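For reference, the structure is listed below as structure tokens.
FYI, it's all coordinate maths here, none of it is from the lab. All figures in this text were calculated on a predicted structure; none of them were measured in a lab. Because the Cβ atoms are built from the backbone with ideal geometry, glycine has one as well, and the counts that use them run over all protein chains shown.
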Amino acid sequence: MRTETEHTIYLKDYAPSPYRISHVDLDFAIGAETTRVRALLTVEPREGTEPGTPLVLDGDGDELALGSIAIDGAPLMLSAYLADGNSLVINEPPLRRFILETEVTLRPENNTRLMGLYRSGGTWCTQCEPEGFRRITYYLDRPDNLAVFTVRMTAPRELAPVLLSNGNLVEQGDAGDGKHFAVWEDPFPKPAYLFALVAGDLGSITGSFTTMSGREVALAIYCTHGKEEQCLWAMDSLKRSMAWDEKRFGREYDLDIFNIVAVSDFNFGAMENKGLNIFNDKLVFAQPETATDADYEGIERVIAHEYFHNWTGNRITCRDWFQLCLKEGLTVYRDQEFTSDERSRAVKRISDVVTLRGAQFPEDGGPLAHPPRPDQYREINNFYTATVYEKGAEIVRMLATLLGEAGFRKGMDLYFERHDGEATTIEAFLQVFAEANGVDLEQFKIWYLQAGTPRLTVRDSYDAQSQTYQLKLSQETKPTPGQPDKKPLVLPIKFDLLGPNGSPVSWSGVSGAEVRDNMIVLHSAEAEIVFTGVANKPVPSLLREFSAPVHLDTELGMEDRLFLARHDSDPFNRWQSLQDVGMNLALEALGGHRWSDEAARALGDAFAETLASPGLDDAFQALALTLPAESQIARSLGQDVDPASIHEVRESLIEAVFGPLAGRLLAAYEGLASGEAYSADARSNGRRALRNRLLALLVASKAPGAAELAEQQYANAGNMTDRLAALAASAGAWTEAAPRLLEDFRQRFGGNPLVLDKWLAVTASVPRDEVIERIRHILAEPDFPKTNPNRLRSLVGTFAMSNPTQFARLDGAGFRFVVDFVRDIDPINPQVAARILTGFRVWPMLEKNRRETAKIVLSELQSAGTLSRNTGDILSRMLAE
Ligand code: B3K
Ligand code: ZN
């Protein structure tokens with residue numbers, strides 16, 4: 001294995017390059033076997049560059065075969081340059097503006113890493129963020145070099161009738177010999193990571209959008225022939241996103257064309273290339289028979305996210321990759337707000353918190369913890385994490401909470417005004433909010449620099465005689481790798497005090513911390529807040545809307561929590577209170593104190609009441625009628641986790657709480673039946689979500705007839721949402737019908753890769769011993785596509801991330817299987833391998849036997865040598881003491 005310091009890049013070492021490239025003129029000759037790339041780069045030294053300073057361009061020697069190299073038309077002598085595995089060094093470039101011309105040959109067909117130029121289903125496409133452009137040509141492959149690009153491409157007309165790149169199409173025509181060409185020009189200077197090219201035989205749908213200043217933008221979505229109809233929802237989502245960004249942030253689209261291309265082989269969700277977004281096709285294609293409501297929502301969200309990057313990411317980009325969260329956290333915040341405005345704000349908030357707790361908290365509490373703005377990395381691809389994205393969005397959300405809507409908007413306006421066209425930093429971002437609002441954000445900045453989830457502890461007391469109510473608050477963040485000492489953070493804590501009937505209790509004075517409106521702003525490690533003139537002992541509703549990403553520790557008893565579940569006017573806390581009660585019962589049972597019948601009944605009653613409340617919408621009820629996930633319980637336990645007992649306890653808690661409600665659940669399930677044709681709108685979606693939740697509860701609590709009901713729903717479903725829900729419920733509880741339904745599903749849909757993924761994921765989540773053999777078997781099928789990230793993630797990713805009892809089996813078979821897989825896939829696609837390996841991040845909190853086995857298995861992988869930098873980096877962080 002490589003050593004700790006090799007390849008480590010530090011934020012403190014950031015320096016601008018001594019040269020800049022202002023214009024890029026690319027010529028792609030695309031052929032069936034190879035592609036030749038000729039690049040004309042207009043290079044100039046920056047002010048102050050000393051004569052004789054070498055020009056160092058990035059270039060991946062595994063991918064680029066250098067043909068020729070010239071400066072201002074004159075070929076370079078062999079001694080004038082050096083091309084090694086990672087770079088091209090021009091020893092003494094002229095100290096004036098010059099044109100560097102290089103020619104390289106690529107083999108896109110062999111590019112299984114899916115970075116740079118590669119082929120997916122016959123289509124040539126690119127992925128350049130973060131460091132893929134260096135696999136296309138030699139370049140200053142860093143986000144702070146902004147250049148204007150012109151792209152010419154020639155390709156066989158038959159193989160690639162469609163030729164696309166960024167910006168505007170300025171010329172096209174016949175190139176003889178069965179070939180044709182197109183020339184694209186992007187007038188907006190951009191970093192190389194936003195470059196894109198697509199060449200292929202594709203179908204398309206078109207649309208148009210008139211911007212707020214009256215400009216007409218031609219929209220198109222390109223896809224495999226025959227899938228055009230399945231792009232309509234994405235097109236609709238795109239138009240709504242464009243309108244929303246104008247209305248909410250005053251941001252208008254800036255080119256005359258906006259193209260999206262759907263491809264089948266893609267390392268992540270999608271990519272915001274200027275004017276030419278490239279998408280994983282699972283985030284484009286939707287039709288009711290094959291896509292679920294979750295797919296529809298995901299498409300809407302990601303289409304919006306990539307579109308919003310046009311301002312937050314493209315026009316204002318990152319100075320260096322340490323600032324990744326500048327564009328990602330902010331853009332996730334923007335897409336969350338879009339969904340909240342388009343659908344239900346409360347439901348969106350709860351779902352986002354579920355995601356945060358399910359993905360980011362485990363990261364922040366484990367060996368891979370890192371600050372939202374890291375200060376070092378070995379492999380930047382490993383930092384496209386829940387911390388950078390989701391915690392990054394939480395930080396922006398806290399900023400909006402602290403500054404208020406108007407104050408936040410003032411800051412955003414100044415950000416766009418001041419930094420448009422720049423590559424900038426987190427500091428510059430915070431500065432505009434500080435200036436626009438006249439506030440100091442120095443302490444707030446720590447959120448970006450410090451890893452770990454703070455624990456906020458609150459204890460309360462009431463003194464009837466003096467009519468005072470006291471809240472004692474303290475915050476603590478545990479050490480994380482490389483950060484032993486933590487500072488207190490600024491915590492915006494929205495709250496209210498509730499009286500006996502749930503209405504707010506008033507107070508006449510408050511002291512001890514910054515309290516404004518219904519928000520405590522905690523700056524210190526500890527505070528004692530005293531409310532005076534409080535007539536009766538209130539129940540506190542704390543951290544409303546989950547106003548800060550912390551673990552909240554209170555001493556509220558079951559009664560108070562159930563009171564909040566009934567009366568809190570904050571829907572988030574109503575939901576949270578039910579979760580808390582469920583969590584407490586599960587944790588106590590794991591500690592040897594099984595719940596009393598009375599406690600289970602009280603929680604059941606609260607669920608029943610939630611279900612019967614006419615004021616709560618279906619989607620909210622669906623979320624509320626859920627017990628905390630096994631991974632959530634594991635995290636609350638924090639150490640000595642035995643996934644098998646958690647599974648057992650949770651299963652029997654479901655039976656104890658929901659079993660007695662079977663009649664009511666069934667009646668509600670039947671009442672929600674609808675003969676309506678599928679519609680993707682939020683209301684119909686909520687209805688299906690609730691109905692399917694009820695079915696899952698009936699099946700999981702082993703209600704009589706529930707397994708048959710699921711089988712019926714599976715057979716009669718008119719859409720994929722209902723069919724998959726019935727399949728998943730049956731497989732999760734392994735009903736008698738489960739194997740039959742799984743078989744049927746594969747028969748019906750096995751020919752559709754995106755639906756096959758759903759089958760792979762359900763199969764991989766079955767919490768039964770034979771699952772590993774089953775997965776090995778599927779992987780060994782001769783036509784299983786080991787180069788397709790979606791398939792691999794659905795099967796093995798789901799197993800490693802979402803099947804805790806089997807992944808962390810006592811005999812180590814789950815760990816060994818995943819490690820074997822990672823070793824196999826790493827040479828094909830290191831990004832996929834590294835991502836799946838992160839499933840091990842839970843290992844330090846497992847009970848002793850599993851922990852030891854995990855450590856042995858990981859250490860064996862480490863000593864096996866030759867791993868990619870991606871996988872090697874994850875592995876060594878995972879094993880660092
Ligand atoms: N910016 C891309 C992610 C690129 C990931 C590279 N490993 C998509 C997005 O966040 O919008
Ligand atoms: Zn993004």
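Just a few scattered comments:
- When the alpha carbon coordinates of segment 159-204 are projected onto the principal axes, the ranges are 34, 20, 18 Å, largest first.
- Net lengthening on full extension, Ser645/Ala74 (0.36 nm per residue, minus Cα-Cα): 198.3 nm
- Judged by the mean number of other Cβ atoms found within 10 Å, the most tightly packed of the peptides 305-314, 485-494 leads the ranking 305-314, 485-494.
- The chain: calculated mean residue ellipticity at 222 nm from DSSP helix runs of at least 4, using -39500 (n - 2.57): -12000 deg cm²/dmol
- Hull volume in cubic angstrom per residue (convex hull over the Cα atoms of segment 355-499): 155
- Exceedance of the 24 Å cut-off in Cα-Cα distance is limited, within the set Lys327/Lys478; Lys239/Lys348; Lys327/Lys348; Lys190/Lys786; Lys487/Lys848; Lys239/Lys391, to Lys327/Lys478; Lys190/Lys786; Lys487/Lys848; Lys239/Lys391.
- Stokes-Einstein diffusion coefficient of segment 750-881, Kirkwood radius over Cα pairs, 37 °C, 0.692 mPa s, in µm²/s: 221
- Largest first, the extents of the alpha carbon coordinates of segment 70-162 on the three principal axes equal 44, 27, 26 Å.
- In segment 455-555 the Cα-Cα distances spread across 10 Å bins starting at 0 as 15, 48, 27, 8, 2 percent of all pairs.
- Taking all Cα pairs closer than 8 Å and separated by 6 or more residues, the relative contact order of segment 481-582 comes to 28 percent.
- Debye-formula intensities of segment 680-828, expressed as log10 I(q)/I(0) at q = 0.18 Å⁻¹, are -1.08 (one equal scatterer per alpha-carbon, no solvent).
- Scaled against 2.2 N^0.38 Å for its residue count N, the alpha carbon radius of gyration of the chain is 0.97.
- With contacts taken as Cα pairs under 8 Å at a separation of at least 6 residues, the chain carries a relative contact order of 8 percent.
- Taking a ≥ b ≥ c as the square roots of the eigenvalues of the Cα gyration tensor, segment 681-722 is classed as oblate, since a/c reaches at least 1.5 and a/b does not exceed b/c.
- Taking label positions 7 Å along the Cα-Cβ direction at both Ala677 and Gln712, the computed distance is 2.6 nm, reported to one decimal.
- Over every Cα atom in segment 316-439, the radius of gyration and the widest Cα-Cα span, Dmax, amount to 14.8, 40 Å.
- Packing-based ranking of 737-748, 331-342, 839-850 yields 331-342, 839-850, 737-748, ordered from highest to lowest mean Cβ neighbour count within 10 Å.
- Cβ-derived FRET efficiency at R0 51 Å, Asp744 paired with Tyr14, nearest 0.05: 0.35
- Calculated on the Cα set of segment 17-62, radius of gyration then Dmax: 14.3, 46 Å.
- With contacts taken as Cα pairs under 8 Å and at least 6 residues apart, segment 556-704 reaches a relative contact order of 25 percent.
- Normalising by residue count, segment 243-315 has a Cα convex hull of 101 Å³ per residue.
- With one equal scatterer per alpha carbon and no solvent term, the Debye-computed log10 I(q)/I(0) for segment 556-704 at 0.09, 0.14 1/Å reads -0.28, -0.68.
- Cα gyration tensor shape of segment 299-375, rounded if a/c is under 1.5, else prolate or oblate by comparing a/b with b/c: oblate
- Residues Arg96, Arg723, Arg683, Arg594, sorted so that the one with the fewest Cβ neighbours within 10 Å comes first: Arg96, Arg683, Arg594, Arg723
- Net +/- balance of residues flanking Glu711 in space, Cβ distance below 14 Å, scoring K and R +1, D and E -1: -3
- Taking 7 Å steps out from each Cα toward its Cβ at Asn752 and Thr105 produces label points 4.3 nm apart.
- In a fully extended conformation the segment linking Glu609 and Ser859 would gain 84.9 nm over its present Cα-Cα distance, using 0.36 nm per residue.
- Summing +1 for each Lys or Arg and -1 for each Asp or Glu among the other residues whose beta-carbon sits under 12 angstrom from that of Asp295 gives -3.
- Taking every Cα-Cα distance in segment 2-201 and sorting them into 10 Å bins from zero, the calculated P(r) comes out as 9, 35, 36, 17, 4, 0 percent.
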